[in-house]
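Working notes, beginning with the structure itself.
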Amino acid sequence: MAEIQKIVTSAGWLDQCPDGNTHMDFTEINPEELPPSRWDAAVQEKRQQVLAERNQALPAQSGKGVGKDPNQNDVKIVDRSYLEKTLKPSLKQPKI
């Protein structure tokens with residue numbers, strides 16, 4: 001016990017706080033008790049609020065073609081050699 005006290009003291013844990021004593025409130029928190037059905041309703045209500053806030057940040061109309069992948073829905077049948085091929089990047093600068 002003496003060794004632990006020596007370690008704690010040398011670490012400065014028992015020194016006076018330069019900001020003075022801080023008051024900490026240790027009152028017990030009593031959570032609201034609800035039946036499961038009311039919890040489900042409360043969670044759904046909060047979910048709808050979050051979705052509504054998220055939808056407010058979205059633009060009214062999405063730009064046509066903006067961010068659309070030109071290769072979307074393209075399917076190619078390839079053999080094993082294509083999957084094992086080592087690709088080397090080109091030195092060309094991407095077009096912006």
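The values are calculated or read from the model by the stated rules, or taken from the named source; none is laboratory data. Remember, predicted model here, so these are calculated numbers, not experimental data. Heavy atoms of the whole protein, side chains included, go into the accessibility calculation; ligands, DNA and RNA do not. Shrake-Rupley method; radii C 1.70, N 1.55, O 1.52, S 1.80 Å.
Summary table
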{"item": "Lone unmet requirement of (1) at pLDDT 90 or above; (2) on the phi > 0 side of the Ramachandran plot for G67", "result": "(1)"}
{"item": "Of residues in the stretch 70-96 being of a type in the set (S, T, Y) and open to solvent by 100 Å² or more (accessible area, probe 1.4 Å), the one modelled with the lowest pLDDT", "result": "T86"}
